[in-house]
Amino acid sequence: MRRSRAWRWVTWLGLGAVMTLVVAALAACGGDDDESEAPATPGEASGSLRVVSNWTGAEGDAFAAVLDGFQEANPGVEIESEEIPFDQTQAQLAQQFAAGDPPDVSVALPGIVRQLAEQDQLMDLDDLWDEWIDDGSYTQALRDVAQAGVEGPTSSIYFKGNVNALIWYRTDELEALGGEVPETWDEFIDLLDRAAEEGIRPVAVGGADEWPLTQWTDSIILRVAGADAFNQLARGEIGWDDPRIVDSFEVFADLISNYFPPDALSASFVDETCSWADGKAAFTNQGAFVNLVAPAECDKSLQPGRDFTFFEMPKYDESAPDARFVSGDLFIGAKESENAEAAKALLAYLGSAEAQEIWAKRGGYIAPNAKVPPGAYPDVNDRKAAELWPKSDEVEAGYDLDDWIGGRVQSEYRGALQQFVREPDVDAFIAKMTEVDTRSSEG
Amino acid sequence: MTSAEDAVAPEPAARGRQRLRRPGRSRAAYAFVLPLLAIFAAFYAWPALNTVLSSGFEWGLINPWRLTEPGSWEFVGLGNYSETLGSESFWNAVVNTTIWLVFFPLLVTGVSLIVSILIWFAGRGLAPLLFRTAFILPMTISLAAVGVIWGFIYNPDPDFGLLNAVVGALDLDFEIDWGPLHLQTGQWLSDLGSLDLGFTELRLTNLSLIAPAVWAFIGFGVITFTAGLTSVDQDLIDAARVDGARLRHVIRYVLIPQLRGSLVIVAVVSVIFALRTFDIVYVLTDGGPGSDTEVLALLLFKQAFVFLDEPDAGLATTVAVLLSLVLVAGAYPYLRRLLEGTPR
């Protein structure tokens, strides 16, 4: 009898606890629909913010300094900064949004911005962009990147820029090969031939990490097919079997057959960058970030500009207009953020010249905001790269193709590229990509 | 005791069971088991059932299927199973997983058995202890870290990669083409070679991933076999020696038969490990180059967490269900052995 009373007591206690949990969960799920998303004016934002980024080391420190700038202006805001691995950004963001616990503000690439915007999970940032376009901070083309190809409001801001298709070289190495920076495609090929004749590997690749291969394909598609075809391919308006795209891969196949090293798929990006920095390879085709990576990861004595610098990969067709290959990182705000005002204030700050100048001064960074002065960049290589950043809509540009597409096609594309490097069969590659990326045939 | 008394007097174990069958004691037993059952139901049974149910729907991580929201249901029946079984990437992953399934248990069982017997014959002392520790120690390293360590070893630049430095120093570099077999040194993680079987081509780069996994897993085999060897009857060995048996006969006809239990455990656990292998592949090659080393667990991961633009999580759960069925079949001898040793 005593035992059954005790059991009844425990049962009621358990039921009570469950009810409490259910009520608490329901309360947590309930949002305030009337919550305003207007950014707080500087100094007015308050409360806590969870910010997700994917930078570590020197880049992590630089981003922390940018956030410090926001907190100085908004002492009422408490920022909880969280770093996640770069290659897990998409997956972790998707999990957090799906679980209803998204970060208030997070770094993102166009692929995931598109997925989340289509799910109506992101904050509307149109008012910020309208202002930035009006005052000349950004171009419409950059806004299109931030919009990620989604109908409706712009839901991300452009925080970190990058210019690619830069052929990096050691100044002493180029000197040994004749000392001339190539102006045309033929001169570029002559230079690669000269390196091979001298017994130096013409190029460092780093294909084990997959993405360095896209540095080559994006550069070549932009130079052979042009920016129009590049952007049409990115948006699924043309297929991979478009003759201009096929021609681009024919050119890439020649480069692979003649100049890629046998370990193109074995070595990682950092290993190959260091291999190039050590003089084991003559050139590497990479983004502006090599200016930070080479001294930091390979040889601390390397002086940007004096010891190493870059030239733009020459045009394949000299009559074609310039076409810049850009990439970079966006930031998004969660529509369901419990501190939407402060989140939007942070996004407005991250897109501002003030915030971007903080990182620009530390190097290895291209500010997408055109108002950041050239004098902010610490060395000649960063300044040269920043000059290439498209600051007006007259300059044609293409945003990193696979980062733009994202998801399965991106993953399959990178895998197919590794197969292509091992066996440069253009027909097989085009057939594979036509099968994988069906956007153009679906209309 | 007479036979009649035998029939009447219950065995001690049976008496124990009778005591438990008394209603009060039975309730107490259930009360003790209940927390464990609740944990099992919440963290094992429900996720397993949910996975099976999820494989009947089309959904993705961003637009998940929820049991409580019929509006989110896109029921496809066995559609995910037919799509999976008709997919090239699934069968490619099956081939790569099969390579693991064949080589990993064989190597783990074979090498750890040899090492254990050598240690056993060496007897006691510092040298066998150090030898055993050297084989067991890698087991304490996480598999992701093992992948990173072997990534350095496999680095193609001989200035950084130990393997290519040794191959270069000893002039062991080679490339051979023997009929359907192509094998080469140097590009350990991108192109070790291939074996053309006619209906499919096996990518030997998988062996470069199996090697570190074996290195890390041998400790388990050594511990299990060493424990098994401690129970070997020394009299049997002495008797065999007296009868003129040589060392290989002693191993073949005395030691190995007495290690049958340990052999089953090591082999089955290795098979389970091979089937669910993920960490080392993810760290070393991420399934590449192309999809040369993509195993089923990695395919599942990509379908659920990478291909976010397509509702492929249903396909991922389908792969998980198929993998679980094979796992249960593979673990059956081990489970049977466990159940045989459980009092009823």
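Going by the conditions given, is B:Leu296 closer than 26 Å to A:Phe420 by Cβ and away from every other protein chain (no Cβ under 14 Å)? Break it down stepwise before answering.
Details: closer than 26 Å to A:Phe420 by Cβ: yes; away from every other protein chain (no Cβ under 14 Å): yes.
Taking the combined requirement at face value, the residue satisfies it.
Here is a yes/no grid of residues against (1) within 23 Å of A:Met313 (Cβ to Cβ); (2) of a type in the set (Val, Ile, Thr):
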residue	(1), (2)
A:Ile358	no, yes
A:Pro373	no, no
A:Tyr377	yes, no
A:Glu387	yes, no
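From the list A:Ala385, A:Ala360, A:Ala334, A:Ala376, exactly one residue is away from chain B (no Cβ under 14 Å) and touching a residue at least 60 places away in the same chain (Cβ under 8 Å). Which is it? Show your work before the answer.
On the way: A:Ala360 fails: touching a residue at least 60 places away in the same chain (Cβ under 8 Å); A:Ala334 fails: away from chain B (no Cβ under 14 Å); A:Ala376 fails: touching a residue at least 60 places away in the same chain (Cβ under 8 Å).
After ruling out the rest, the residue left standing is A:Ala385.
Can you tell me which of (1) more than 15 Å from A:Thr154 (Cβ to Cβ); (2) touching a residue at least 60 places away in the same chain (Cβ under 8 Å); (3) surrounded by fewer than 21 Cβ atoms within 10 Å (Cβ to Cβ) is the one A:Pro85 doesn't meet?
Condition not satisfied by A:Pro85: (2).
Report yes if some residue within the range B:282-301 is among the β-branched types (Val, Ile, Thr) and at pLDDT 95 or above; otherwise report no. Give the derivation first.
Within the range B:282-301, the first condition is being among the β-branched types (Val, Ile, Thr), and the residues that meet it are B:283, B:285, B:293, B:295.
Going one step further and asking which of them are at pLDDT 95 or above, we end up with B:293, B:295.
Yes: the range B:282-301 contains one or more residues that are among the β-branched types (Val, Ile, Thr) and at pLDDT 95 or above.
Kindly indicate which of A:Val205, A:Val251 is over 23 Å from the mean Cα position of the chain (by Cα), at negative phi and of a type in the set (Val, Ile, Thr). Reasoning before the result, please.
Numbers: A:Val205 fails: over 23 Å from the mean Cα position of the chain (by Cα).
Going through A:Val205, A:Val251 in turn, just one is over 23 Å from the mean Cα position of the chain (by Cα), at negative phi and of a type in the set (Val, Ile, Thr): A:Val251.
Any chance you could count how many residues in the range A:230-279 are under 15 Å from A:Leu401 (Cβ atoms) and not charged (D, E, K, R)? Let's see the steps before the verdict.
Filtering the range A:230-279 for residues under 15 Å from A:Leu401 (Cβ atoms) gives A:230-240, A:242, A:244-245, A:248-249, A:252.
If we keep only those that are not charged (D, E, K, R) as well, we get A:230-234, A:236, A:238-240, A:245, A:248-249, A:252.
The total comes to 13.
Within the group A:Arg422, A:Arg408, which residue is within 14 Å of chain B (Cβ to nearest Cβ) and out of contact with any Ser or Thr (no Cβ under 9 Å at 6 or more places or on another chain)?
Details: A:Arg422 fails: out of contact with any Ser or Thr (no Cβ under 9 Å at 6 or more places or on another chain).
Residue meeting the stated conditions: A:Arg408.
Is it the case that A:Asp393 is of a type in the set (Asp, Glu), crowded, with 22+ Cβ neighbours inside 10 Å and at pLDDT below 95?
no
Show me the strands (runs of 3 or more DSSP E) entirely contained within the range A:35-130 in which 3 or more residues are within 14 Å of chain B (Cβ to nearest Cβ) and of a type in the set (A, V, I, L, M, F, W, C). Let's see the steps before the verdict.
Details: elements: A:47-53, A:77-83, A:105-108.
In the range A:35-130, there are no strands (runs of 3 or more DSSP E) which contain 3 or more residues that are within 14 Å of chain B (Cβ to nearest Cβ) and of a type in the set (A, V, I, L, M, F, W, C).
Which one of the conditions (1) away from every other protein chain (no Cβ under 14 Å); (2) touching a residue at least 60 places away in the same chain (Cβ under 8 Å); (3) under 24 Å from A:Arg324 (Cβ atoms) does A:Gln232 fail to meet, given that it meets all the rest?
(2)
Quick one: which helices (runs of 4 or more DSSP H) lie wholly within the range B:184-273 and hold at least 3 residues that are hydroxyl-bearing (Ser, Thr, Tyr)?
On the way: elements: B:205-230, B:234-242, B:247-250.
Correct list: B:205-230.
Within the range A:136-179, take every residue that is in contact (Cβ under 8 Å) with a residue 60 or more places away in the chain and of a type in the set (D, E, K, R) and give me the one that is surrounded by the most Cβ atoms within 10 Å (Cβ to Cβ).
For the range A:136-179, the residue satisfying everything is A:Lys160.
Conditions tested, residue by residue: (1) among the small types (Gly, Ala, Ser); (2) at pLDDT 95 or above; (3) closer than 30 Å to B:Arg203 by Cα; (4) in contact with a helix residue (DSSP H, G or I) (Cβ under 9 Å, 6 or more places away or on another chain).
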{"residue": "B:Asn63", "(1), (2), (3), (4)": "no, no, no, yes"}
{"residue": "B:Trp73", "(1), (2), (3), (4)": "no, no, no, no"}
{"residue": "B:Ser87", "(1), (2), (3), (4)": "yes, no, yes, yes"}
{"residue": "B:Ala93", "(1), (2), (3), (4)": "yes, yes, yes, yes"}
{"residue": "B:Ile99", "(1), (2), (3), (4)": "no, yes, yes, yes"}
{"residue": "B:Phe104", "(1), (2), (3), (4)": "no, yes, yes, yes"}
{"residue": "B:Ser116", "(1), (2), (3), (4)": "yes, no, no, yes"}
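Does A:Ala353 fit the bill of being away from chain B (no Cβ under 14 Å) and crowded, with 24+ Cβ neighbours inside 10 Å? So that I can check it myself, show each step before the final result.
Values: away from chain B (no Cβ under 14 Å): yes; crowded, with 24+ Cβ neighbours inside 10 Å: no.
Considered against the rule, which asks whether it is away from chain B (no Cβ under 14 Å) and crowded, with 24+ Cβ neighbours inside 10 Å, A:Ala353 comes out as no.
What's the number of the condition A:Ile358 fails, among (1) farther than 30 Å from A:Asp101 by Cβ; (2) in contact with a helix residue (DSSP H, G or I) (Cβ under 6 Å, 6 or more places away or on another chain); (3) in the same structural domain as A:Trp55 (by TED's automatic domain parsing)?
Condition (1) is where A:Ile358 drops out.
The rows are residues; the columns are (1) in contact with a His (Cβ under 9 Å, 6 or more places away or on another chain); (2) among the aliphatic types (A, V, I, L, M); (3) farther than 28 Å from B:Leu163 by Cβ; (4) crowded, with 18+ Cβ neighbours inside 10 Å.
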| position | (1), (2), (3), (4) |
| --- | --- |
| B:Thr205 | no, no, no, yes |
| B:Phe220 | no, no, no, yes |
| B:Ala227 | no, yes, yes, no |
| B:Gln234 | no, no, yes, no |
| B:Asp238 | no, no, yes, no |
| B:Arg248 | no, no, yes, no |
| B:Leu255 | no, yes, yes, yes |
| B:Gln258 | no, no, yes, no |
| B:Ala274 | no, yes, no, yes |
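Mind telling me which of the residues B:Leu335, B:Leu299 ends up being without any contact (Cβ under 8 Å) to a residue 40 or more places away in the chain and assigned to a helix (DSSP H, G or I)?
On the way: B:Leu299 fails: without any contact (Cβ under 8 Å) to a residue 40 or more places away in the chain.
Every option except B:Leu335 fails the conditions.
Among the residues of the range A:319-336, which ones are within 18 Å of A:Ala146 (Cβ to Cβ) and surrounded by 21 or more Cβ atoms within 10 Å (Cβ to Cβ)? Give the derivation first.
Filtering the range A:319-336 for residues within 18 Å of A:Ala146 (Cβ to Cβ) gives A:324-335.
Hits for the range A:319-336 are A:Phe325, A:Val326, A:Ser327, A:Gly328, A:Asp329, A:Leu330, A:Phe331, A:Ile332, A:Gly333, A:Ala334, A:Lys335.
Out of the residues in the range A:252-297 meeting the condition of being β-branched (Val, Ile, Thr) and more than 14 Å from chain B (Cβ to nearest Cβ), tell me which one is surrounded by the fewest Cβ atoms within 10 Å (Cβ to Cβ). Before you say what the answer is, go through the steps one by one.
If we filter the range A:252-297 for residues that are β-branched (Val, Ile, Thr), which is where we start, we get A:256, A:270, A:273, A:284, A:290, A:293.
If we keep only those that are more than 14 Å from chain B (Cβ to nearest Cβ) too, we end up with A:284, A:290, A:293.
Values: A:Thr284: 25, A:Val290: 25, A:Val293: 20.
Filtering first and then ranking leaves A:Val293.
From the list A:Ala267, A:Ala195, pick out the single residue that is outside any helix (DSSP H, G or I) and either assigned by TED's automatic domain parsing to the domain that holds A:Val290 or under 25 Å from the mean Cα position of the chain (by Cα) (or both). Walk me through how you get there before you give the answer.
Values: A:Ala195 fails: outside any helix (DSSP H, G or I).
On inspection, the qualifying residue turns out to be A:Ala267.
The values are calculated or read from the model by the stated rules, or taken from the named source; none is laboratory data. These figures come from a predicted structure and were not determined experimentally. Cβ: placed from backbone, ideal geometry, glycine included. Neighbour counts: every protein chain shown.
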